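Remarks on the structure that follows.
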């Protein structure tokens, strides 16, 4: 079954930028992780998001919509990226979430609603 | 016409967990398996009084439940999703044999060696870290312990709809999130949660036992915890903490008859009539603790069992108890352990150093036993006014009526003698 790994982290904890010391290492940990997912046949998709300062929220309420600058909720931690994976059990999904090379942060693991047969 | 009630309750409690695990394997769905098991119990309740109780009651229940499950899957086969997910069950073409006297199904025979394993997998599922502690407790009692939601509600002193909701939500999450009924890769961590959940259940039953209206059901809860812990310790012999917890439970339970006097008042350990302790249970506790310690993987449950064991001796070695609390503090630091240590210190070094230690422990302002310890130690140091205040506060904060009465009485006695 499919699981979404939502990567949530505090944007004030900076990760290395291109050119910084340790950037190569940082990036290679992520590409290795993605490669491991692919090798295990678990990879469906995954992307990193630009920082929450680039977010725009469209809110639907009372039949109309408003467009607001910023993410949908003012939280200390922001959605930074996601992986969509396909594994057999929650335990396997939690294991992949544990292995994510995030220094600090949280991974919300959510089963994707099954679509087959509906 | 025999009543089927006691026999059914026994099957539900002793075999229910294993039956549920087997059915879940067979039907591929915990919720469906649980529903069918409940229906099989209902069928048994209706048929056994007239037909007699089958020789192998568990096998009878299993066959009825499994047939129901297979029927339901066949009926639901119209829904493509279900049919795909469960096709392996339909493909195996389960024989639709009617249960009969002695009609033991092959699954039960094949798995007889793994009986402990079946129940264990179910207990470990109930204690999955993706479930909340409340849900883990309710599920363990409901699914592994075979208690009804009504019994769980009565023994945990929470409303039945709350229990029902917790069980329903947890079962829904197990299905929707794909939590597997399997021995987990992180077995050590899961066994630790299992011990915590079982320890909690035991405490709930034990602490309030004989001191409130639901005393009887709560005593059953403590026994249920002991039976589940014994099953877990048996199935996981390499996890001596479970055996440690079992020994601890047995040591506590052995003192049951002596804990409350004829007026329903709490009797402190030192004042208990030791002749009323259950020596057989204590011996069993020592044997189990001895085997656990031999594994040389000491943990907090084993240390707590060592402390409880020390309290069963004729002469309590308080210095040794202080050392055990030091070990416990290094494993699980916390104010409550620090408080227990300070109380033991009073017996070794006297009330004054102990009082200083108790006063230094932060964060227990709302804990009745901290105030009770202050009351007792201040009284022993001769500070009667402050002692009385502390006992009054302890009485206010105590949730358990017997403990509140005890604190009030101590305060009252001080007031009279002032």
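Could you tell me the calculated FRET efficiency between residue B:175 and residue B:295, based on Cβ-Cβ distance and R0 = 45 angstrom, to the nearest 0.05? After rounding to 0.05, the efficiency reads 0.75.
Take each residue in B:128-138, count the other chain C-beta atoms within 10 Å of its C-beta, and the mean is 1.
Once the Cα atoms are used to define both axes, helix B:115-126 deviates from the longest principal axis of chain B by about 70 degrees.
For chain B, a Gaussian network of Cα nodes joined below 10 Å ranks B:142, B:268, B:169 by mean-square fluctuation, and the top entry is B:268. A crude spin-label estimate for the pair residue B:386 and residue B:10, with each label 7 Å from Cα along the Cβ direction, gives 5.9 nm. The three principal axes of the Cα atoms in the range A:2-111 give end-to-end lengths of 46, 38, 19 Å, sorted in falling order. What is the log10 of I(q)/I(0) for the protein assembly as shown, computed with the Debye formula using one identical point scatterer on each Cα and no solvent, at q = 0.05, 0.07 Å⁻¹? At q = 0.05, 0.07 Å⁻¹ the computed log10 ratios are -0.29, -0.56. Look at the stretch B:168-177: the mean tally of other chain Cβ atoms within 10 Å of its residues' Cβ atoms is 2. Only DSSP H runs of four or more residues enter the estimate; each adds -39500 (n - 2.57), and after division by the residues of chain A the mean residue ellipticity at 222 nm equals -7500 deg cm²/dmol. With the highest mean first, a sort of the peptides A:60-66, B:160-166, B:144-150 on other beta-carbon atoms found within 10 angstrom per residue produces B:144-150, B:160-166, A:60-66.
Site pair residue A:65 and residue B:186 shows an inter-label distance of 4.0 nm when each label is modelled 7 Å from Cα along Cα→Cβ. For chain B, the relative contact order works out to 10 percent when only alpha carbon pairs closer than 8 Å and six or more residues apart are counted.
Seen against the Cα atoms of chain B and their longest principal axis, helix B:351-360 is set at about 60 degrees.
Residue ranges B:394-401, A:67-74 sort as B:394-401, A:67-74 when ordered by packing (mean number of other C-beta atoms within 10 Å per residue, highest first). Listed from fewest to most Cβ neighbours within 10 Å, the set B:48, B:391, A:30 follows the order A:30, B:48, B:391. Listing A:76, B:171, A:2 from fewest to most neighbouring C-beta atoms within 10 Å gives A:76, A:2, B:171.
Nearest 10 degrees, 0 to 90: what angle lies between the long axis of helix B:318-331 and the longest principal axis of chain B (Cα atoms)? With rounding to tens, the tilt is 50 degrees.
You can think of it this way: the chain between residue B:133 and residue B:265 has 44.4 nm of extra reach, that is 0.36 nm per residue less the Cα-Cα gap. Shielding of peptide A:106-114 by partners, expressed as the average count of other chain Cβ atoms within 10 Å per residue Cβ, is 2.
Working note: Cα atoms of chain B, range along each principal axis, descending, whole Å: 80, 46, 38. Taking every DSSP helix (H) stretch of at least 4 residues in chain B, weighting each as -39,500 (n - 2.57) and dividing the sum by the residue count yields a mean residue ellipticity at 222 nm of -22000 deg cm²/dmol.
Every number here is computed from the coordinates shown, using simple stated rules; none is lab data. As the structure is a prediction and not an experimental result, all values here were calculated from the model. Cβ coordinates were reconstructed from backbone atoms using ideal geometry, including for glycine residues, and neighbour counts include every protein chain displayed.
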